[in-house]
Amino acid sequence: MHNKLKKLKKLVGEAFELQRIAAILDWDQQVEMPVAAAAGRARQAALLSGLAHEKFTGAELGELLNELVPEMKNLDPESDDYCLIRLTARDYDRHIKVPAGHVAEFAHATSLAHSEWEKAYAEADFLLFRDSLSRIFKLCRDYAGFFAPYDHIYDPLLAEFEPGLKTAVITEIFAALRPPQVELLHEIAAHPEPDQSCLKQVFAADKQWQLARAAAAAIGYDFNRGRLDSAVHPFTTAFNLNDVRITTAVKTDNLNALSSTLHEAGHAIYEQNIAQSLENTPLATGTSLAIHESQSRLWENLVGRSRPFLKFFYPRLQNAFPELRRVPLDEFYRAWNTVKPGFIRVNADEATYNLHIMLRFELEVAMLEGVLAVADLPEAWNAKMKEYLGIVPPDDARGCLQDVHWSAGLVGYFPTYALGNLISAQLWEGCREACGSLDAELEQGNFAGLRHWLNRNIHCHGSKFELLEVLRRAVGTGIRPEVYIRYLREKYTALYGR
């Protein structure tokens, strides 16, 4: 069995490395690539994706799995080898259903679409992106067809990001989540808004970059194994466990770069702390997007928007921006946590964020089902914004063009953001029970206790265990929306009063 495992690791390692190389090209496209290089990059992305797919679906790997799967009974179910065989067999079964030609076509289409999305976003004109988006959703429907019969056409797309979950489960969770979130929003709206004038000034870009780097380093992002760059839409990418890069977007009329940097650093800290023994295997990455989002949202919100964190970090903000020296900590804290429906998801407060996700989920499902034509997306988007948040975007850039995900073909991804919110509250509650002095530690800028708890319970395992097993090990339960609602109610009752 030893030789078979060695061969398995070689085969899947080569396929995994090709995917990592493709990630380098994607990082370059979003960070540094000249605009005119889009067509050439699309060809390169298509070639690499096709090669990785062929490598992972080859007959040699299939024969090897046929020999190894029956022998799993001789392995410890928690061992790296057992988990590698299980994960590889699961992914192999999915990949062999998808023709290599489709993989290459999809990579080519999405690589071109990114540049077209950037232009459409800059000009706030959906028509410039409409045809690309139509092609992407057509390719997504084709992809789902490779897995027919299915319970719902969205299921195969969701499984790419959240293995084991079904559309019906997401729908049920959102149905339970929506009423209390809307009720809370209405209750908050009945109170006067906090004074936000301290956030309405010019914040120099160079100082924001310094603060973003300082915040990421403070919570544990290792700059010796990563870097911070600028992108239109912030993202994190990993080329290996010692090269995990983050990006942010700085705008001088707000401080949102601080939140987005903490968010991306949360993703990166997860990847940087996966056990080195898993390197160069499919286990050397986050287990699911919901677990990944639980890490980014935890650091962005439960830490980054908390009073203990601000007690530690606010003096740095005041030193960078002297106008804030006249603003007491509590006043800034209330302004930083103002609940107000807004157009932009990434800037949304904790009480409205999930509504943005539900909107996107419903639109994705409708476009996949063919109930909603892609050409009608802007109108449908605006109608749902009015229904859920009571506002209508003034243009497409602040409406249906604001996210990069669809240009990258990431259909099925959005629900994981809301699931990540729910899970972040459960992990936060679990860590607070285990680390009784957590608030005091955060006030001192000591994030080691929280980070070590997350490393031990989440990060080190990589993708050895699926979402529900990770949760069971960490906090002993499955996904519980009521924990997140309780967190929101406690926080905003204190902020806004009863």
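The values are calculated or read from the model by the stated rules, or taken from the named source; none is laboratory data. Source: prediction; values computed, not measured. Neighbour counts are summed over all protein chains in view; Cβ atoms, including those assigned to glycine, are modelled from backbone coordinates with ideal geometry.
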Does Arg141 count as modelled with pLDDT of 95 or more, basic (Lys, Arg), under 25 Å from Ala107 (Cβ atoms) and touching a Leu at 6+ places or on another chain (Cβ under 7 Å)? yes
Heads up, the helices (runs of 4 or more DSSP H) in region 376-475 (entirely inside) with at least 3 residues that are within 22 Å of the chain's Cα centre (by Cα) and within 27 Å of Leu139 (Cβ to Cβ) are 415-434
Region 470-496, residues that are under 11 Å from Gly430 (Cα atoms) and touching a Gly at 6+ places or on another chain (Cβ under 9 Å): Leu471, Ala474, Val475, Gly476
Checklist (1) touching a strand residue (DSSP E or B) at 6+ places or on another chain (Cβ under 8 Å); (2) part of a helix (DSSP H, G or I) applied to Tyr221, failing item: (2)
In the set Thr110, Thr88, which member is touching a Pro at 6+ places or on another chain (Cβ under 8 Å), touching a residue at least 60 places away in the same chain (Cβ under 8 Å) and of a type outside the set (Asp, Glu)? Thr88
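Yes/no matrix, rows are residues, columns are (1) in a loop (DSSP other than H, G, I, E, B); (2) under 14 Å from Val346 (Cα atoms); (3) not assigned by TED's automatic domain parsing to the domain that holds Cys83:
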| site | (1), (2), (3) |
| --- | --- |
| Ala238 | no, no, yes |
| Val244 | no, no, yes |
| Thr252 | yes, no, yes |
| Leu262 | no, yes, yes |
| Ser277 | no, no, yes |
| Leu283 | yes, no, yes |
| His292 | no, no, yes |
| Gln295 | no, no, yes |
Among the residues of region 232-262, write down those that are more than 12 Å from Ala205 (Cα to Cα) and of a type in the set (Lys, Arg). Arg245
Quick one: in region 183-232, of everything that is closer than 24 Å to Met33 by Cα and aromatic (Phe, Trp, Tyr), which residue is surrounded by the most Cβ atoms within 10 Å (Cβ to Cβ)? Trp209
Being crowded, with 20+ Cβ neighbours inside 10 Å, over 30 Å from Ala89 (Cα atoms) and modelled with pLDDT of 95 or more narrows it down to one residue among Leu298, Leu278; which is it? Leu298
Looking at region 114-135, I want the residues that are outside the structural domain of Leu368 (by TED's automatic domain parsing) and free of Cβ contacts under 8 Å to residues at least 12 places away in the same chain and have a partner that is assigned to a helix (DSSP H, G or I) and buried (at least 17 other Cβ atoms within 10 Å of the Cβ) with Cβ atoms under 6 Å, at least 6 apart or on another chain. Which pairs are those? Lys119/Leu128
State all residues of region 247-270 that are in contact with a strand residue (DSSP E or B) (Cβ under 7 Å, 6 or more places away or on another chain) and more than 25 Å from Gln318 (Cα to Cα); if no residue qualifies, say none. His267, Ala268
Quick one: count up the residues across region 464-497 that are of a type in the set (A, V, I, L, M) and closer than 30 Å to Ser79 by Cα. 7
Can you tell me which residue within region 149-168, out of those that are more than 19 Å from the chain's Cα centre (by Cα) and within 14 Å of Glu369 (Cα to Cα), is surrounded by the most Cβ atoms within 10 Å (Cβ to Cβ)? Ile153
Residues Asn421, Asn457: which one is surrounded by fewer than 22 Cβ atoms within 10 Å (Cβ to Cβ) and of a type in the set (S, T, N, Q)? Asn457
Are any of the residues in region 79-94 among the polar types (S, T, N, Q) and not in a helix (DSSP H, G or I)? yes
